[in-house]
Amino acid sequence: MRSVPGDPASAPCDADPHRLPRTVEPTAYRLVLTPDLGAARFSGSVEIDVIVHDQTDRVVLHAAELEIAAAMVTPPAGDPMRATVTLDAEGERAVLHLPAPLAKGDATVSISFEGELNDKLRGFYRSTFTDEHGRTRTIATTQLEATNARRTFPCWDEPDRKATFEITLVIDEQLAAFSNSPIVSDEAASVDGAAKRRVRFGPTMKMSPYLVAFVVGPLEATDPVDAGGVPIRVVHTPGKAHLTSFAVDVARHALEFFTEYFGIPYPGEKLDLVAIPDFAHGAMENLGCVTFRETALLVDPAAASRVELERIADVVHHEVAHMWFGDLVTMGWWEGIWLNEAFATFMEVLATDHYRPGWERWTSFGLERDAAMAVDGLHTTRPIEYPVGSPEEADGMFDVLTYAKGASVLRMLEQYLGADVFCAGVRRYLEAHAYGNTKTADLWKALEEASGMPIREIADTWILQGGHPLVRAEGAVLSQEPFSYLPEPRDAGSSIGSRWLVPVLVRPLDDRPVRRLLLSEGTATLEVEPRATGGLLVNAGGWGVYRVAYGAAQRTALASRLETLGALERFNLFSDTWALALAGRGELGDLLELASCLGEEGEPAVYHVVASALRLCDRVAGDEDRPLVQAAARTLLGPRAATLGWERTEGEGERIPTLRALLLGVLGTTGATADVRSEAARRFDAQKGGGAIDADIETAVLDVVADQCRDGDYEAVLDRYRHPANPQDERRHLMALGSFPDVETCMSTYELAISDVRRQDGPFLVNVLLGNRVGGPAVWERVKSQWRVLLDRFPDVTHDRMVAAVRTLCADPALAADVRAFLTEHPLAVGTRTVAQTLEQLEVNVRFAQRMREHGHLAKTLSRVARD
């Protein structure tokens, strides 16, 4: 074979250089793979039934990082034609040149090939674990989304080239194998004299290539549990069966819930949930063979925090929702990935809220929506649906705007239309497009048919432009304007839109009915005056994806009646007030004044806003002002923490342990509260002696202990990371290693992150280190000097997350300028826009720091808290 970069024969017929020609298209794959785990190689062959739409003398398909040994094309009537293969490495294509034209009609393409079981956590790759005897064992597994099927076998690697897939794996006798469909035969085989097994799986439904999956290794599976005729299993490494029951229970709930909600049976024949030791993402929705990080699937409920259990429930619900919304019905191209991911995120929250109502999942989702809006208020934001061409651009779409903002817009529409009407529209959409591909307009059409309302006109203002509005409430007059944290840049322009069709719900505080209006151009005047009703709450229910700015009198009225607001409504009031302060459109004192009214508030998300503001104040404060930050933390958070104490009490709400952990963590670090620090140290020492720390507060205890930098504590945390009780225990202690505020310790942890820590976790530990107030600047210098080392070691889809915490390096303007210059001069292949957003967030924080320092503004504001 020869590589010919830029070979004109490999160019697509279409104008889009990232799309394959439509001349030949697949209908069915028969794939045989033989992985050699010891040699980290695989060989394979594939037969692809195709339809030839127009006579052609070449077949163009995707292939990347593969060695093609031979290719044949067989027409239905005629002799097989041996093809000459040209590889286009840059375009990731293989072109099969034929000796004679291939007529219109059916044909079969046959290709034999080889490849490497790579360590990049994409395509067909290897993962390792240590067994009970201390031996390193290897697994071969797949991650094909977005465009990595082409690294595993030659194929038409585009989401709208759906086909059926029949997988056969030739494996060592002692190994197990799993794929999308059930096993239909398992026979003895021989390869070069070695005893093997030939495991054949049944054909899948018609689906996109990125949903193909196969896993081979020394793995075990739980006994199947039936859910409406669908067998559910959890696949895991040996010795972890005791960590599977919670995931099985959630999966059973997911199948029952979604089958009823969508009104369509589960489209697969079985559901395997596979825990992979090395996995770059959280999970992957391969039909019938869903792959997960171990921390996202395996758990001991008795030793996990509520947040950790909620995370697993979310991820399992998310992936199972994809079986319908993503697998059965799939976006036509990657600009529509939000249709998959936003809807699966919406459904995950809906299903988890149904699974455990006491977790109040829609309230905690407010934090995720707020994180998306924090990005969406930047000029470097993007529309939810955005043009995508290259594979790198496709990978870059998996961000907070696709997932959280997209899901927030769907929730806003659901609440505006009514849940039953929205569900009816979704059912119409799935029934109309089952086994096919869609565009966003197809969903709006189905919702319009179900509701009789102009959904597309409303939704396009949220999907096709970036940003979100700020709704100003001045007396009875509402108006909208684009919200942004910074003034519009003169040179680069802005991706923030100008006007939205805003579904607004307004609730008078005197219990009068909620008012509905669609705010468009200009202003809208309400029929009631705030003074006549005791005040007005804009964004009643809290589902709107917009900020609200109240006048001082209305904000004071709301602060005096916080107990009459719902939890999400209170969160929005605090979140919007903080966003305005961070943008320089309001005052920090406005948020702290609200915080002084919290009393016996029980919602963690509300306190999360206050904690975030105090932490940023701590980052920008000089040594002379830091005691004021500490005092403010103790004043605002201490009384509530004192009423909660350290121990659970009978009858307390399911979210109270999360609140307890948040308060204790902030008080023991930002607040430097002596009794909290000493009690955390006592509990940590007791654990070293064989005691246990309540899982709900263990992360807080570790943070507080790390902040004290006592002799021997780092070594104890490191030892627990290396000898964990379960996956959650391992991750808690790994991340705690990055929290010790000491430069030398941070550098030791950095070396650990780039050597001993799994590639899936290393970039997140580096990110924690960059956010370390004391060690962050030194770690940044090391990151710069080893930039290429980091990019080569860690999966490319994690590079942008590795540097997310540089936005906190805002206290020193010179350091912030250095960060901007370096990351601008060293662009990433994947996540370029996300890095630009991180740099803009850094600028937002730098400007906040400057305002706080001007005329001693921070000290004056915090001093008022202490006086009050």
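Collect the residues in the stretch 708-737 that are hydrophobic (A, V, I, L, M, F, W, C) and assigned to a helix (DSSP H, G or I), keeping them in residue-number order. Step through it out loud before you land on a result.
The first filter runs over the stretch 708-737 and keeps only residues hydrophobic (A, V, I, L, M, F, W, C), leaving 709, 716-718, 725, 734-737.
Those that are hydrophobic (A, V, I, L, M, F, W, C) and assigned to a helix (DSSP H, G or I): ALA716, VAL717, LEU718, LEU734, MET735, ALA736, LEU737.
Are any of the residues in the stretch 844-866 open to solvent by less than 40 Å² (accessible area, probe 1.4 Å), modelled with pLDDT under 95 and outside any helix (DSSP H, G or I)?
Within the stretch 844-866, not a single residue is open to solvent by less than 40 Å² (accessible area, probe 1.4 Å), modelled with pLDDT under 95 and outside any helix (DSSP H, G or I).
Any idea which of ARG161, ARG137, ARG150, ARG126 is touching a His at 6+ places or on another chain (Cβ under 6 Å) and farther than 16 Å from ARG58 by Cβ?
Numbers: ARG161 fails: touching a His at 6+ places or on another chain (Cβ under 6 Å); ARG137 fails: touching a His at 6+ places or on another chain (Cβ under 6 Å); ARG126 fails: touching a His at 6+ places or on another chain (Cβ under 6 Å).
That would be ARG150, the only listed residue that is touching a His at 6+ places or on another chain (Cβ under 6 Å) and farther than 16 Å from ARG58 by Cβ.
In this structure, does PHE153 turn out to be part of a strand (DSSP E or B) and crowded, with 20+ Cβ neighbours inside 10 Å? Spell out how you get there, then give the answer.
Working: part of a strand (DSSP E or B): no; crowded, with 20+ Cβ neighbours inside 10 Å: yes.
It is false that PHE153 is part of a strand (DSSP E or B) and crowded, with 20+ Cβ neighbours inside 10 Å.
Being farther than 14 Å from ALA473 by Cα and basic (Lys, Arg): is that true of ARG561 here?
Details: farther than 14 Å from ALA473 by Cα: yes; basic (Lys, Arg): yes.
When the stated conditions are applied, ARG561 passes them.
Under the condition of being within 27 Å of the chain's Cα centre (by Cα) and of a type in the set (Ser, Thr, Tyr), which residue from the stretch 205-227 is nearest to PHE42 (Cα to Cα)?
Among residues in the stretch 205-227 that are within 27 Å of the chain's Cα centre (by Cα) and of a type in the set (Ser, Thr, Tyr), the one nearest to PHE42 (Cα to Cα) is TYR210.
Condition check: among the hydroxyl-bearing types (Ser, Thr, Tyr) and touching a His at 6+ places or on another chain (Cβ under 7 Å). Does SER494 satisfy that? Quick ask: steps written out before the conclusion?
Values: among the hydroxyl-bearing types (Ser, Thr, Tyr): yes; touching a His at 6+ places or on another chain (Cβ under 7 Å): yes.
Judged against the criteria, SER494 is a match.
Please work out if PHE325 is under 30 Å from TRP444 (Cα atoms) and open to solvent by less than 10 Å² (accessible area, probe 1.4 Å).
On the way: under 30 Å from TRP444 (Cα atoms): yes; open to solvent by less than 10 Å² (accessible area, probe 1.4 Å): yes.
Yes: the conditions hold for PHE325.
Output the residue which, of all residues in the stretch 516-545 that are open to solvent by 30 Å² or more (accessible area, probe 1.4 Å) and over 35 Å from the mean Cα position of the chain (by Cα), is modelled with the lowest pLDDT. Spell out the reasoning first.
So the first thing to find is which residues in the stretch 516-545 are open to solvent by 30 Å² or more (accessible area, probe 1.4 Å), and the list is 516-518, 520-523, 525, 527, 529, 531-532, 534, 543.
Next, only the ones that are over 35 Å from the mean Cα position of the chain (by Cα) stay: 522-523, 525, 527, 529, 531-532, 534.
Values: GLY522: 76, THR523: 84, THR525: 83, GLU527: 74, GLU529: 64, ARG531: 62, ALA532: 59, GLY534: 70.
Looking at the filtered set, the residue picked out is ALA532.
Rundown of residues vs (1) in contact (Cβ under 8 Å) with a residue 24 or more places away in the chain; (2) assigned to a helix (DSSP H, G or I); (3) charged (D, E, K, R); (4) buried (at least 20 other Cβ atoms within 10 Å of the Cβ), yes/no style:
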site: ALA581; (1), (2), (3), (4): yes, yes, no, yes
site: GLY602; (1), (2), (3), (4): yes, no, no, no
site: VAL609; (1), (2), (3), (4): yes, yes, no, yes
site: ARG615; (1), (2), (3), (4): yes, yes, yes, no
site: THR643; (1), (2), (3), (4): yes, yes, no, no
site: GLY651; (1), (2), (3), (4): no, no, no, no
site: ALA661; (1), (2), (3), (4): yes, yes, no, yes
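Which one of these does PHE764 not meet: (1) part of a helix (DSSP H, G or I); (2) under 27 Å from the mean Cα position of the chain (by Cα); (3) over 26 Å from TYR485 (Cβ atoms); (4) at pLDDT 95 or above?
Result: PHE764 fails condition (3) only.
In the stretch 449-475, which residue that is assigned to a helix (DSSP H, G or I) and charged (D, E, K, R) is nearest to the chain's Cα centre (by Cα)? Talk me through it step by step, then tell me what you get.
Quick first cut of the stretch 449-475, residues assigned to a helix (DSSP H, G or I) only: 449-451, 455-463.
Among the residues that remain, those that are also charged (D, E, K, R) are: 449, 456-457, 460.
Values: GLU449: 32, ARG456: 26, GLU457: 28, ASP460: 23 Å.
If we take residues in the stretch 449-475 being assigned to a helix (DSSP H, G or I) and charged (D, E, K, R), then ASP460 is nearest to the chain's Cα centre (by Cα).
Among the residues of the stretch 551-565, which ones are open to solvent by 30 Å² or more (accessible area, probe 1.4 Å) and either under 36 Å from the mean Cα position of the chain (by Cα) or modelled with pLDDT of 95 or more (or both)?
We begin by selecting, within the stretch 551-565, every residue open to solvent by 30 Å² or more (accessible area, probe 1.4 Å); these are 552-553, 555-556, 560-561, 563-564.
Residues satisfying the conditions are ARG555, ARG561, GLU563, THR564.
Any residue in the stretch 784-808 that is part of a loop (DSSP other than H, G, I, E, B) sitting within a Cβ distance under 6 Å of a residue that is of a type in the set (Lys, Arg)? List the pairs, counting only those 6 or more apart or interchain.
Between residues of the stretch 784-808 that are part of a loop (DSSP other than H, G, I, E, B) and residues that are of a type in the set (Lys, Arg), the close pairs are PHE794/ARG759.
If you scan the stretch 130-148, which residues turn out to be in a loop (DSSP other than H, G, I, E, B) and in contact (Cβ under 8 Å) with a residue 40 or more places away in the chain? Break it down into steps so the answer makes sense when it comes.
Pass one, the stretch 130-148, residues in a loop (DSSP other than H, G, I, E, B): 131-135, 144-148.
Result: ASP131, GLU132, LEU144, GLU145, ALA146, THR147, ASN148.
In this structure, does ARG720 turn out to be surrounded by fewer than 23 Cβ atoms within 10 Å (Cβ to Cβ), within 25 Å of MET747 (Cα to Cα) and among the basic types (Lys, Arg)? Give the steps one after another, and end with the answer.
Values: surrounded by fewer than 23 Cβ atoms within 10 Å (Cβ to Cβ): yes; within 25 Å of MET747 (Cα to Cα): yes; among the basic types (Lys, Arg): yes.
Here the answer is yes, as ARG720 does meet what is asked.
Among the helices (runs of 4 or more DSSP H) lying completely within the stretch 335-405, list those that include at least 3 residues that are in contact with a strand residue (DSSP E or B) (Cβ under 8 Å, 6 or more places away or on another chain) and either of a type in the set (A, V, I, L, M) or open to solvent by 10 Å² or more (accessible area, probe 1.4 Å) (or both). Explain how you work it out, then say what you get.
On the way: elements: 337-355, 361-376, 391-395.
Because the criterion is at least 3 residues that are in contact with a strand residue (DSSP E or B) (Cβ under 8 Å, 6 or more places away or on another chain) and either of a type in the set (A, V, I, L, M) or open to solvent by 10 Å² or more (accessible area, probe 1.4 Å) (or both), the helices (runs of 4 or more DSSP H) in the stretch 335-405 that meet it are 337-355.
Grab the strands (runs of 3 or more DSSP E) fully contained in the stretch 170-260, keeping just those with 1 or more residues being modelled with pLDDT under 95 and open to solvent by 10 Å² or more (accessible area, probe 1.4 Å). Lay out the reasoning, then the answer.
Values: elements: 176-179, 183-191, 194-201, 214-217, 225-227, 230-236.
Here the list reads 183-191, 194-201.
Return the pairs, sorted by first residue and then second, in which the second residue is small (Gly, Ala, Ser) and modelled with pLDDT of 95 or more, the first residue lies in the stretch 545-561 and is part of a loop (DSSP other than H, G, I, E, B), the beta carbons are less than 6 Å apart, and the residues are 6+ apart or on different chains.
Once the first residue is part of a loop (DSSP other than H, G, I, E, B) and sits in the stretch 545-561, its partners that are small (Gly, Ala, Ser) and modelled with pLDDT of 95 or more give VAL545/SER408.
Only one of ALA706, ALA695, ALA672 is surrounded by 14 or more Cβ atoms within 10 Å (Cβ to Cβ) and on the phi > 0 side of the Ramachandran plot; which? First the steps, then the outcome.
Working: ALA706 fails: on the phi > 0 side of the Ramachandran plot; ALA695 fails: on the phi > 0 side of the Ramachandran plot.
ALA672 is the lone residue from the list that is surrounded by 14 or more Cβ atoms within 10 Å (Cβ to Cβ) and on the phi > 0 side of the Ramachandran plot.
The values are calculated or read from the model by the stated rules, or taken from the named source; none is laboratory data. Quick caveat, the model's predicted, so the values are computed rather than measured. Cβ coordinates were reconstructed from backbone atoms using ideal geometry, including for glycine residues, and neighbour counts include every protein chain displayed. Ligands, DNA and RNA are excluded from the accessible area calculation, which covers all protein heavy atoms including side chains. Shrake-Rupley method; radii C 1.70, N 1.55, O 1.52, S 1.80 Å.
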